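Heads up: the structure comes next, in structure tokens.
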Amino acid sequence: MRLAGLGSGSAGNGILIAAGSSQPDSLPRADSTTTVLVDCGFTLKEAELRIARHGLDPAQLEAILVTHEHSDHVGGVERLARKYGLPIYLTRGTWLATRWSKPDALNFQFIEGYAAQQIGLLTVFPYAIPHDAREPAQYVFRYQDKQIGLLTDVGHYAPHLAQVLQALDGLLLECNHELALLDESSYPARLKQRIGGRFGHLSNCTAAAILRDIAHSGLQCVIAAHLSQENNRPALARAALEPVLAPLGLTDRLHIACQEQGFDWIKIQ
Ligand SMILES: [Zn+2]
Ligand SMILES: [Zn+2]
């Protein structure tokens, strides 16, 4: 299993998840793997470029999964799905809250009651999260005995999160802002309240608290994601998460996703 980022942050998100039997160190091949894209907050041209940067053609994708209707996640989904005939997995709430220009030309696969989905080789476990969207979902992906969990756009540490995310092999975790920087930022008061509120985004500090409860020595990677360009710095996200990973000897497993480059393929063995 492996994952890669097309870009991460409020200007656009996209995560590739691939499972399959391709040779170690090679890129996923279409014939023996299943690759899905989670969210696409980029224009069609930009999405194609970013997918190509990771050695893939969008036609090799099996599906697009959408987490919620905010434009940094769904903004580019329709055009990419239509051009390449890709099914779109999403909740009915996300579907209702998104403005589709030609819904009849799209293949929607509805996730009802956060039920598990089988997409090719990947088993997908959607789960609910607290965020200011209609029916947001995040996902855990399983292939054979390995699991990758995604957690971004989350307002607070709800009790079920630690349970859903236990025993992961790879984790992508939102580190949206540093509380002090958000406090001091030039954002309007209402926006600060939204971001820091119970249905906004995770601070470095809350991300560290979640990680503390789910980290274990078998965790192969932790990717800090959705960092605010204004209210966070890679060094601050690192400073929050490293003390949690250090006692487990995992500091070298920490990666920081960025808006422009996302992150390169990371293998889960
Ligand atoms: Zn977002
Ligand atoms: Zn959002």
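Side notes on the structure shown:
- Of all residues in segment 157-177 being of a type in the set (A, V, I, L, M, F, W, C) and in a loop (DSSP other than H, G, I, E, B), the one that is surrounded by the most Cβ atoms within 10 Å (Cβ to Cβ): CYS175
- If the condition is being within 15 Å of ligand 1 (Cβ to nearest atom) and over 12 Å from LEU65 (Cα atoms), then segment 122-137 contributes ILE129, PRO130, HIS131, ASP132, ALA133, ARG134.
- Residues in segment 149-156 include none that are in a loop (DSSP other than H, G, I, E, B), open to solvent by 60 Å² or more (accessible area, probe 1.4 Å) and more than 14 Å from ligand 1 (Cβ to nearest atom).
- Any hit, segment 122-129, residues being closer than 26 Å to ILE266 by Cβ, away from ligand 2 (no atom under 16 Å from the Cβ), in contact with a Ser or Thr (Cβ under 7 Å, 6 or more places away or on another chain) and not in a helix (DSSP H, G or I): yes
- Each residue in segment 178-222 was checked for being out of contact with any Leu (no Cβ under 8 Å at 6 or more places or on another chain) and under 15 Å from LEU236 (Cβ atoms), and 8 of them qualify.
- Taken over segment 3-18, the residue count meeting the criterion of being open to solvent by less than 10 Å² (accessible area, probe 1.4 Å) and out of contact with any strand residue (DSSP E or B) (no Cβ under 7 Å at 6 or more places or on another chain) is 2.
- Near pairs, Cβ below 6 angstrom, 6+ apart or cross-chain, from segment 208-231 (under 27 Å from GLY12 (Cα atoms)) to any residue that is modelled with pLDDT of 95 or more and of a type in the set (Asp, Glu): GLN220/ASP169; ALA225/GLU174; HIS226/GLU174
- Among residues of segment 60-88 that are of a type outside the set (A, V, I, L, M), those with a Cβ under 7 angstrom from a residue that is open to solvent by 10 Å² or more (accessible area, probe 1.4 Å) and in a helix (DSSP H, G or I), sequence gap 6+ or separate chain, pair up as GLU69/ALA97; GLY76/LEU44; ARG79/LEU44; ARG82/ALA105; LYS83/LEU44; TYR84/ALA59.
- Long-range neighbours under 8 Å by Cβ, at least six apart or interchain, first residue at positive phi within segment 234-263, second part of a helix (DSSP H, G or I): GLY262/ARG50
- Residue tally, condition open to solvent by less than 20 Å² (accessible area, probe 1.4 Å) and away from ligand 2 (no atom under 16 Å from the Cβ), over segment 130-148: 3
The values are calculated or read from the model by the stated rules, or taken from the named source; none is laboratory data. Since the model is a prediction, treat every value here as computed from it, not as a measurement. Reconstructed Cβ throughout: ideal geometry from the backbone, glycine too, with neighbour counts over all protein chains shown. We work out accessible area using only protein heavy atoms, side chains counted, and drop any ligands, DNA or RNA first. Shrake-Rupley method; radii C 1.70, N 1.55, O 1.52, S 1.80 Å.
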